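Peer 1: Could you have a look at this structure, given as C-alpha cells, before my questions?
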Amino acid sequence: MIWNAWVLGLIIGQMATAAITAVAFANALRIVRNWDTKSMLPMQLDLEHRSELIATIVSWSLLFQVFSLIVFEITARSLAPFVPGAMCTVGILEAQPLGWPVLFLKTAALFLYGWWIVLNHLDNRVEGFLLTTFKSWYLIVLFPLILTDLALQIGFFTHLDPAVITSCCGVVFEVEGEGFGSSVASLPPKLTMVGLVGLITALVLFSFVLRRRSSQSGCIAYALGSAVGFVLGIAGVISFVAPYVYTMPALHCPFIFLDEEHLNYGYLVYLPLFAASFFGISAGILVAIERRFPLLVTVSHNIRMQYVRWSGLLWVVFLAAAYGPVIEFWLATGGKADLFQVGY
C-alpha cells in the first residue's frame, strides 16, 4: 500500500462525486418511473424542478470525472520513486494488475461522461424537457461505471506493493519485444507518420466541407473518422512522436514527456487529440439523437456544426504538436537525418 496527498485527493474527490451521483441516481429512478409531461400533478412539477437541479449538479460531477484521468496519471507518476524499477507512470501501472484496466476504463469513461454533458447542454437549449427521461436512463447506466471506476482505483492503490520490482517503460514499449505495447512501438515510424498526417488532413478538409454542405450522413462519417483518428493518434504518439520528443529512437514511452523535464509537452499533444476526437464523435452522437427526437433537429444541427468546426481546428493543433518535434529535428540536422536511422 502506497498513499500520498495525490492518492488521497483523487480518492476523496471521486468518493464525493460518487456520493453526489448516487443522489442523482435515486432521482433518475423516480423520473423514469413517474415522468409524465402531460400531468399537472404536484409530483410531476416536483420532478421537473428536481431534474433541472440534478442536471446541473451531475454536469459538474461528471466534469470532475473527466479531468480525473489527468489527475490519475499525475498521481501514478508521483508514486514512481517509491516502486523499484518504476521510472514513470508505466512502471506504476505495471506494478499492479489493476493498473492498465483503470487507465483504459477512465479513458473510455471520459467520453461517456462527456456525452452526457453534451446531451444536457442540448436539453438546456430547448423547451419541453424532451431529453429528461433519456438523460435519466443514461445516468442510470453511468452510475455503476462510476462505482466501478472508484472501486478499481481503491483496489489499485491499496494493493501497490513497494517491495515488488516492476517493469519500466523501456521494457513495456520495447521495439520487437513482447506484448501489446511493444507491438505498437514496433509500428514502422515512416508509415505511421504518413498514415496519420493523411487521415488528419482528410478530417480537416472534410470538416470544411461539412460546414458548407452539412448532412447527417456526413457527420456520421466524420465521427467514425475521428474515432479512427484517436486510435491512430495514440499509436502515432508511441511510434514516432515520443521518440522525436526525447530524440531517442528506442524510447517510445507515451508518459515521460508529460513531466516538467520535457516542459509538459505531452499535454500539448494529448489534449487536442482527445478534444478533437471527442467533438468529432459527438457530431455523430447528435445525429443519432436527432433521429430519435426530430423536434431537436434545428438546435442540434447548430451544435453539431459547431463541434465539427472545433474538431477540425483541434485536429490542426494536434497535427502541429505531433509533428513539431519531427520538424525541429529535421531543421536541427539540416534536413538530412532521420532519427530512426542515425540511431542516437
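Peer 1: With the Cα gyration tensor of the stretch 117-207 giving a ≥ b ≥ c as the square roots of its eigenvalues, does the rule (a/c under 1.5 for rounded; else a/b larger than b/c for prolate; else oblate) give rounded, prolate or oblate?
Peer 2: Since a/c reaches 1.5 but b/c is at least a/b, the shape of the stretch 117-207 is classed as oblate.
Peer 1: How large is the charge dipole for the stretch 176-332, taken about the Cα centre, if only the Cβ atoms of Lys, Arg (+1) and Asp, Glu (-1) carry charge, to the nearest 20 debye?
Peer 2: Using only the charged Cβ atoms, the result is roughly 1040 debye.
Peer 1: Sort the following peptides by mean Cβ neighbour count (other Cβ atoms within 10 Å, averaged over residues), highest first: 329-340, 147-158, 221-232.
Peer 2: Packing order, densest peptide first, comes out as 221-232, 147-158, 329-340.
Peer 1: Something else now. Evaluate 2.2 N^0.38 Å with N set to the residue count of the stretch 221-292, then give the Cα radius of gyration divided by it.
Peer 2: My calculation over the Cα atoms of the stretch 221-292 gives 1.36.
Peer 1: Here's another thing I want to ask about it. Tally Lys and Arg at +1 and Asp and Glu at -1 over the other residues with C-beta under 12 Å from the C-beta of G218: what net charge comes out?
Peer 2: +4
Peer 1: I've got another one for you. Only four residue types carry charge here, +1 at the Cβ of Lys and Arg and -1 at the Cβ of Asp and Glu. Report the dipole size of the chain about the Cα centre in Debye, rounded to the nearest 20.
Peer 2: It comes to approximately 1260 debye.
Peer 1: Now, a different point. Based on the alpha-carbon set only, what is the convex hull volume of the stretch 176-332 divided per residue, in Å³?
Peer 2: Output value, Cα hull per residue: 116 Å³.
Peer 1: Could you give the Stokes-Einstein D for the stretch 10-106 in µm² per second, using the C-alpha Kirkwood radius, 25 °C, 0.890 mPa s?
Peer 2: 153 µm²/s
Peer 1: Also, quick follow-up: Return a whole-number percent for the relative contact order of the chain, with Cα pairs under 8 Å and 6 or more residues apart as the contact set.
Peer 2: The value is 17 percent.
Peer 1: Under a straight-distance cross-link criterion of Cα-Cα below 18 Å, which aspartates and glutamates are reachable from K106, leaving out those fewer than 8 residues away in the same chain?
Peer 2: Within the straight-line cut-off, K106 pairs with E73, E94, D149.
Peer 1: Follow-up. Find the relative contact order for the stretch 176-332 and round it to a whole percent, using C-alpha pairs within less than 8 Å whose residues are 6+ positions apart.
Peer 2: Result for the stretch 176-332 is 29 percent.
Peer 1: How about K190: which aspartates and glutamates have a C-alpha closer than 19 Å to its C-alpha, ignoring those fewer than 8 places off in the same chain?
Peer 2: E174, E176, E328, D338
Peer 1: Once Rh is set to the Kirkwood radius over Cα pairs, what Stokes-Einstein translational diffusion coefficient, in µm²/s, holds for the stretch 299-344 at a temperature of 37 °C and a viscosity of 0.692 mPa s?
Peer 2: D = 253 µm²/s.
Peer 1: Can I ask one more? For W315, W100, what ranking results if the residue with the fewest other Cβ atoms within 10 Å of its Cβ goes first?
Peer 2: Ordered from fewest to most neighbouring Cβ atoms within 10 Å, W315, W100 come out as W100, W315.
Peer 1: Rounding to the nearest 10 and keeping the result within 0 to 90°, find how far the Cα-based axis of helix 189-212 lies from the longest principal axis of the chain.
Peer 2: Taking the Cα atoms of the chain, the angle to 189-212 is about 30 degrees.
Peer 1: Another question, then. Which net charge results for the neighbourhood of C88, defined as the other residues with beta-carbon distances under 12 angstrom from its beta-carbon, given Lys and Arg at +1 and Asp and Glu at -1?
Peer 2: -3
Peer 1: Check cross-link reach from K135 to the aspartates and glutamates: straight Cα distance under 16 Å, and skip same-chain residues fewer than eight apart.
Peer 2: Excluding near neighbours in sequence, the set is D36, E48, E52, D123, E127, E290.
Peer 1: Only one of the listed values, (1) 165, 83, 22; (2) 65, 47, 37; (3) 75, 54, 30, was derived from the coordinates as Cα extents along the principal axes in Å; which label is it?
Peer 2: Computed from these coordinates, Cα extents along the principal axes in Å corresponds to label (3).
Peer 1: Among S217, S51, S167, which one moves the most in a GNM of the chain with springs linking Cα atoms closer than 10 Å?
Peer 2: S217
Peer 1: Turning to a different aspect of this structure: Quick one: Debye curve from the C-alpha atoms of the stretch 61-162, no solvent, what's log10 I(q)/I(0) at q = 0.15, 0.25 Å⁻¹?
Peer 2: -0.65, -1.28
Since every read-out is calculated from the coordinates, none of them should be taken as a lab result. Nothing here was measured: the structure is a model prediction, and the numbers come from that model. All Cβ positions, even for glycine, are placed from backbone atoms using ideal geometry, and neighbour counts span all protein chains on display.
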